[in-house]
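Okay, so here's the structure we're looking at.
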Amino acid sequence: MTARKTPPRMQTLVPSAAAANGGAATLTDDAVESLQRAMDVVIRAFSSLGFREKRLLKHASDFDVLRTLAARTAELHGAELAQAHLRGVDARRALVTAAGGLLDGAAVARLLGMTAAAVHKRYQAHQLLGLREEKRRIVYPALQFDGRRVVRDLPRILRELAARESDEWAQLRFLAGANARLGGRTPVEALKAGDVEKVLATARAFGEHGAA
């Protein structure tokens, strides 16, 4: 593996290697990158501490310094994950709103005039779009219904998306999103206008590229 001269910023961290090499330590590329990453993590954690916490570290043992910085790093990482989760929740909430809300299986059964078992069978056959919630409960976006029936030709689109391994939330994002290929309409709007072939072509592109 190749070696390169250690940057001045890191030479103080490897004094024995520097002394053995006439004052210029050498580390492998992987080691330098690992050391740089460790320094970045430490600096970030230290910078996020309050003034009092920073002063206390001045007289703390090496172990206490590392423990404090490790705990702070964990807090920062947890906050980032929480923020990412909230962004995901907000995005899904907006998507559900765009889809006209969600109906449970019993409500769909009443709407379509069939049993809940028949609704579930249609879901399994990709004739209805359902979203799995906690405890395996399935809910159905309202945008797929036109009065008391399913939007015409929607099952063809759902089967196309499923065949291309688009998950159910991705399918909803496709159906509810305005699409340039469809003149700015959503796929559901285009289906209601009878443009099934255009929607099928758009669904194929979505399945292949992850976006229409």
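The values are calculated or read from the model by the stated rules, or taken from the named source; none is laboratory data. These figures come from a predicted structure and were not determined experimentally. Neighbour counts run over all protein chains shown; Cβ positions are idealised from the backbone, glycine included.
For this structure, a couple of remarks:
- Of residues in segment 139-178 being touching a strand residue (DSSP E or B) at 6+ places or on another chain (Cβ under 7 Å) and surrounded by 19 or more Cβ atoms within 10 Å (Cβ to Cβ), the one nearest to D90 (Cα to Cα): L172
- Residue in segment 60-70 that is assigned by TED's automatic domain parsing to the domain that holds R173 and loosely packed, with under 13 Cβ neighbours inside 10 Å present: no
- Looking only at residues in segment 129-179 that are of a type in the set (F, W, Y) and within 14 Å of V119 (Cβ to Cβ), the one that is nearest to the chain's Cα centre (by Cα) is Y140.
- Condition check for R173: basic (K, R), in contact (Cβ under 8 Å) with a residue 24 or more places away in the chain and either assigned to a loop (DSSP other than H, G, I, E, B) or outside the structural domain of A205 (by TED's automatic domain parsing) (or both): no
- In segment 31-59, the residues that are surrounded by 13 or more Cβ atoms within 10 Å (Cβ to Cβ), aliphatic (A, V, I, L, M) and in a helix (DSSP H, G or I): A31, V32, L35, M39, V41, V42, A45, L56, L57
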